[in-house]
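Just so it is clear, none of the values below were taken in a lab; they were calculated from the coordinates. Nothing here was measured: the structure is a model prediction, and the numbers come from that model. Reconstructed Cβ throughout: ideal geometry from the backbone, glycine too, with neighbour counts over all protein chains shown.
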Amino acid sequence: MGALLLKRLFHGLVVLWVVATVTFLLLRLAPGGPFDSERKLPPEVIANLEAKYHLDEPLWQQYLRYLGGIVRADFGPSYKYLDRGVTEIIADTLPVSVLLGGLALICAVTISFPIGLLAAYHRNTLIDRCCMLAATLGISLPNFLLGALLIWAIALQLGWLQVGRWDDWTSMILPTVTLAAAPAAFLAALLRSTLLETFGEDFVRTARAKGLSEFVVVAKHALGHSLIPVLTVMGPLTAALLTGSFVVEFVFAIPGMGRFFITAVVDRDYPLIMGVTLIYTAILVCANLLVDLLYGYVDPRIRVQ
Amino acid sequence: MLRMAASFIAIVLLAATFAPWISPYGVGGLQEERLLETPSWAHWMGTDGLGRDLLTRVLYGARVSLSVGLGTALIALALGTAYGLIAGFKGGSWDHFMMRVVDIFYSLPDMLIFILLSLLFGRNIGGLLVALGLVSWVRFARIARGQVLQAKEFLFVEGAVALGASRKRVLLRHILPNIVGPIIVTMTFSIPSAILAESTLSFIGIGINDPYSHWGTSWGTLAQDGYRAMRSYPHLIAFPAAAIFMTILSFNTLGNGLRDLIDPKGR
């Protein structure tokens, strides 16, 4: 178990290093620099700026400098926000994004499990078909459209909730629902199909033969086994939540990391782009690690290995 | 349901191909005196902030979205299937190493990579195709490799090898035709996924950025224009939104139907 953990940790560090390097190279190779959009600056000023931000140094030196900074949790200065460093910006916005993502995850799991169970329990009936139709609709509607629709309907037309804020819990409802919809739909469909597969297993037949009620068979016996593929998918699902949050933060004007990332890309604010990319990847690596650990705990077959 | 989906896709394909001929107005048709009109007989979907007919813009937008969707799926299919075939067929440490690379790709947040790659390759259709294709191929690689590992066990493969068939022949002539099923299903799902990604990127402003292109404007960009005016002119976002949603939904339904046909286990 410990060896597995170490191996996974090492794998995660490799991923982080690859991402850091690739991002660094991509940004250095991309056409256009961070000072292009300003008014035509005299070459001496540009040279000065480049010297200040070490852009005139050879590539490998910039790279080492960057890596050294990361290890000390210093992501460098932002090219655009001159009064704040990247680390500071991330520290301010990360909690917001994490909160949004966490709420959406809880919401998605809470919505999808009953629906998936219901659909599998009443398989091939109208209820099942309705649930799966809802699931297909859920994954087909892009989250920015759902967000726009919710804003239009609930905030503008009905005036029940307000948007553009992130202070009290009422302002968190719409963004959370928007972000959670597609993952919830996906999880519901996945749960239903794994449950249906589990129903063919021998131990389910035994449970039924024992005379247990269908409800107990499904909820107690089949569900546990079906959770394994669902757990596996939680890793990539966290990725989807992270990236979905860019858009939701944009649509609802939430002061999270995603919004800064988008504007940083447009402004070519290299350090901010790289810092945010690394943080997102780190979160993802941790999520995958957690999933692997839980996997080993939940599935006894893996534990024994 | 499946028939409705397939027919809608056919409609979108026709619209995309024949857009220049069936659009009531030209691509750049600005009419200043008819700004922001709601749907009417002259303009079935109304006009936008610059007086352009929305129906025309949506029809041309179909070209962009479909070309990105299909193009990405094809690129990912070609790259990923080839990769997966080689990995599964060679087996051993080759397979192990190649799949580690796939794992690393899988553990990256895809929207992030799209955005970064779009910086590198430019914000036009070609660049976006490359960026999206470079991320989506992994799905095909995994499926193809898994299928090859299963197909290798078939008796006729052993027979072909015993008869002296070259490795290339066994791969292309015996294994490949037997694994197309799941690969086609994956492809049918990767089209709407690509359309989703492209329209999302265009919506937040980092997607295709060719406002005067004669090929068309992405639906995502149209949706962004509409979003800004949503409070007063909801029709501007309603029509592109409906187009995006219906297209993605149709492809997903098609994929579900195909998957049920090929792999009836899930019923």
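Thinking of chain B as a set of Cα atoms, what percent of all their pairs are more than 34 Å apart?
That tail contains 30 percent of the Cα-Cα pairs.
Charges only on Cβ, +1 for Lys and Arg, -1 for Asp and Glu: so what's the dipole of the protein assembly as shown about the Cα centre, in debye to the nearest 20?
1720 debye
Considering chain A as a Gaussian network with a 10 Å cut-off on Cα pairs, which listed residue, A:A209, A:A185, A:A104, attains the greatest mean-square fluctuation?
Checking each option, the largest mean-square fluctuation is seen for A:A209.
Which helices of chain A meet both criteria: a Cα extent of 24 Å or more along the helical axis and a mean Kyte-Doolittle score no lower than -0.5, with helices taken as whole DSSP H segments?
A:2-29, A:86-121, A:170-198, A:223-252, A:270-298
Any aspartates and glutamates with Cα under 13 Å of the A:K80 Cα? List them, leaving off those in the same chain fewer than 8 positions away.
The reachable aspartates and glutamates, counting only those whose Cα sits under 13 Å from A:K80, are A:D36, A:E38, A:D267, A:D269.
Run the numbers on chain B and let me know its relative contact order in percent, using alpha-carbon pairs under 8 Å that are six or more apart.
Relative contact order comes out at 25 percent.
Which one, A:L242, A:P271, B:L171, projects farthest toward the positive side of the charge dipole computed for the protein assembly as shown from Cβ point charges (K/R +1, D/E -1)?
Checked the options; the winner is B:L171.
What chymotrypsin sites (Phe, Trp or Tyr not before Pro) in the range B:164-253 are in a loop by DSSP, with at most 12 other Cβ atoms within 10 Å of the Cβ?
The qualifying sites are B:Y212.
For the range B:115-156 and the range A:43-94, compute the distance between their C-alpha centroids and round to whole Å.
The range B:115-156 and the range A:43-94 have Cα centres spaced 34 Å from each other.
Quick check for me: using +1 on Lys/Arg Cβ and -1 on Asp/Glu Cβ, what's the dipole size of the range A:49-100 about its Cα centre, in debye to the nearest 20?
With only Lys, Arg, Asp and Glu charged at Cβ, the dipole is about 80 debye.
Restricting the calculation to Cα positions, tell me the Rg (one decimal) and the Dmax (whole number) of the range A:92-268 in Å.
18.9, 66
Between A:N288, A:N124, A:N143, where does the largest GNM mean-square fluctuation fall for chain A, given springs only between Cα atoms within less than 10 Å?
With Cα springs under 10 Å in chain A, the top fluctuation among A:N288, A:N124, A:N143 is at A:N124.
Counting residues in the protein assembly as shown as N, plug N into 2.2 N^0.38 Å and put the Cα Rg over that result.
My calculation over the Cα atoms of the protein assembly as shown gives 1.03.
Looking only at B:S65, B:S40, B:S193, which one moves most when chain B is put into a Gaussian network model with springs between Cα atoms under 10 Å?
B:S40
How large is the charge dipole for the range A:92-268, taken about the Cα centre, if only the Cβ atoms of Lys, Arg (+1) and Asp, Glu (-1) carry charge, to the nearest 20 debye?
Using only the charged Cβ atoms, the result is roughly 420 debye.
Within straight cross-link reach of A:K7, meaning Cα distance under 18 Å, which aspartates and glutamates are found once same-chain residues fewer than 8 apart are removed?
Output for A:K7: A:D292, B:D103.
What percent do you get for the relative contact order of the range A:92-268 when only Cα pairs under 8 Å and 6+ apart count?
Dividing the mean separation by the residue count of the range A:92-268 yields 33 percent.
What is the distance in Å between the Cα centres of the range B:184-247 and the range A:283-298?
Computed from Cα coordinates, the inter-centre distance equals 35 Å.
Of B:L119, B:T247, B:G181, whose Cα points farthest to the positive end of the dipole of the range B:110-267 (charges on the beta-carbon: +1 Lys, Arg; -1 Asp, Glu; origin at the Cα centre)?
Checking the options against the dipole of the range B:110-267, the answer is B:G181.
First check a/c for chain A, with a ≥ b ≥ c the square roots of the eigenvalues of its C-alpha gyration tensor; if it is under 1.5, answer rounded, and if not, answer prolate when a/b is larger than b/c or oblate otherwise.
Cα axes put chain A in the oblate bin.
How big is the range B:53-119 by Rg and Dmax over its Cα atoms, in Å?
Here Rg and the maximum Cα pair distance are 17.3, 59 Å.
What's the center-to-center distance, using Cα atoms, between the range A:233-254 and the range A:107-178 in Å?
So the separation of the two Cα centres works out to 15 Å.
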